[in-house]
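Undergrad: Supplied in structure tokens, the structure appears directly below.
The values are calculated or read from the model by the stated rules, or taken from the named source; none is laboratory data. These figures come from a predicted structure and were not determined experimentally. Cβ coordinates were reconstructed from backbone atoms using ideal geometry, including for glycine residues, and neighbour counts include every protein chain displayed. Quick note on the areas: whole protein, heavy atoms, side chains included, nothing else; ligands and nucleic acids left out. Shrake-Rupley method; radii C 1.70, N 1.55, O 1.52, S 1.80 Å.
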Amino acid sequence: MASPLSADRLVRALKDEGVKVVEYKSWRTHNRNSAGAWGPVHGVMIHHTVTTGTDSSVALCYNGRSDLPGPLCHGVIAKNGTVYLVGNGRANHAGAGDGDVLAAVIDERALPADKKANTDGNARFYGFECVNLGDGKDPWPPEQVEAIVRASAAICRAHGWGKKGNTSVIGHLEWQPGKIDPRGPGISMADVRRRVAERLKHPAGWNPGTTPEEDDMPKRSLYETRDYTRRVKPRTWTTIHFNRRYIDGDWQDKEAEPSFLFGSCYYTASVGVRVSGLKKGQQIQLRLANYRNKDDGKGFYRSAGMPAHAVTHDGGEGKFVCTWTSFINSADKGRVRAEVWHDGDEDITVEWARAEALYWEP
């Protein structure tokens, strides 16, 4: 059961995936929630507008028609790939469709033929209208199709869809009997789903061909703590701060800083800690977390976390080291921090810590 993304989370997800976003008028509060439920949501639906021209198409999808109030979708995808957000909440885009198709989308399995119109799709699908005449002749530019793929992948990634398959993205023609959208040269829902599935195998914002070559020389980031301890309460994730940095062949003291990687990069990072107060048989966990600037520029918020590594204390010196490989998206302008957790009964102390990373800037 997936609750719809908030307006802020939707914008962040789209931008993280590399989508150019335009927020149109008061889209954040523009919806048809008064007409029925919005959520739980299960997928993304693609349409064509049967119009030409970006401005008029966006205005139509925002305002609606005399027989169908707007918004008519959540986003309008222009020919140049720009996504105009026009609605946040229930939108008049999907109509009634086949409940068996919805079940297949939820299960992420092959779609059956749409034969019935017995289920409310407006409550269950995000909708994107794409500027195209839908006459089977109007072409779909690569930039527009790429934006469809990225926008769909962004929503799937945000909800965790696509782990069993990729049918969380469907066309209107696969939902409601009699519909034909999207159609025309350059668009295929099977191809869109294939490309969405491929994107979901990579970090957000991935661009084909941008993975660093094996012989590219990485840069090195090396931070540690010295004479700076950190108390960690039981079962509480606590950020490690570093007060020394290795630069130009020498250690330099600095004000305690929680981050050790900044900006866009691919990286392999190791974090080691030495703790006291942890008893034999108790568990310690380490993880990395991505932080990024708040929208108002004041402070940071935790945007994503890497899987935690858990180690059981064997009664030795209390030293633990874990390693991760990941990516900071170019749109994220983020930073990476290390966090520690334990399941002991009393506070423990991080007496020393070191974070070392090899990273490649795209």
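Undergrad: Please list 16-24, 229-237 highest first by mean number of surrounding beta-carbon atoms within 10 Å per residue.
TA: 16-24, 229-237
Undergrad: Kirkwood hydrodynamic radius of the chain from all distinct Cα pairs, in Å?
TA: This gives a value of 22.7 Å.
Undergrad: Structure shown: which of K233/K279; K79/K137; K15/K163; K164/K294; K137/K179 lie over 26 Å apart, alpha-carbon to alpha-carbon?
TA: K164/K294, as the Cα separations exceed 26 Å there.
Undergrad: For region 140-202, what is the convex hull (Cα atoms) projected area averaged across all directions, in square nanometres?
TA: 4.3 nm²
Undergrad: What is the spin-label model distance, in nm, from D248 to R226 if the labels are put 7 Å beyond Cα along the C-beta direction?
TA: 1.7 nm
Undergrad: Next question, about the same structure. Expressed as a rounded percentage, what relative contact order does region 118-244 have, with Cα pairs under 8 Å and six or more residues apart?
TA: Value for region 118-244: 23 percent.
Undergrad: Can you give the accessible area of W161, probe radius 1.4 Å, in Å² rounded to 10?
TA: 30 Å²
Undergrad: If I take every Cα pair under 8 Å that is 6 or more residues apart in region 34-166, average their sequence separation and divide by the length, what percent do I get for the relative contact order?
TA: That works out to 34 percent.
Undergrad: If you don't mind, another one. Determine the relative contact order of the chain: mean sequence separation of Cα pairs under 8 Å and six or more apart, normalised by residue count, in whole percent.
TA: Over the chain, the number comes to 17 percent.
Undergrad: How much accessible area does L60 have with a 1.4 Å probe, in Å² rounded to the nearest 10?
TA: Its heavy atoms expose roughly 60 Å² to the probe.
Undergrad: At 25 °C and 0.890 mPa s, grab the translational diffusion coefficient of region 18-126 from Stokes-Einstein with a Kirkwood Rh over Cα pairs, rounded to a whole number in µm² per second.
TA: 169 µm²/s
Undergrad: What is the sum of charges, Lys and Arg at +1 and Asp and Glu at -1, for the other residues whose Cβ falls under 13 Å from the Cβ of N88?
TA: Once all neighbours under 13 Å are counted, the net charge is +3.
Undergrad: Over 5 Å intervals from 0, what percent of Cα-Cα pairs in region 87-244 sits in each interval?
TA: It works out to 1, 8, 13, 15, 15, 12, 7, 6, 6, 6, 5, 3, 2, 0, 0, in whole percents.
Undergrad: Next question, about the same structure. Using a Förster radius of 41 Å, what is the FRET efficiency between K116 and E143 based on their Cβ-Cβ separation? Nearest 0.05, please.
TA: Calculated value: 0.70.
Undergrad: Tell me, how many Å apart are the Cα centres for region 293-327 and for region 38-70?
TA: A separation of 42 Å, based on Cα centres.
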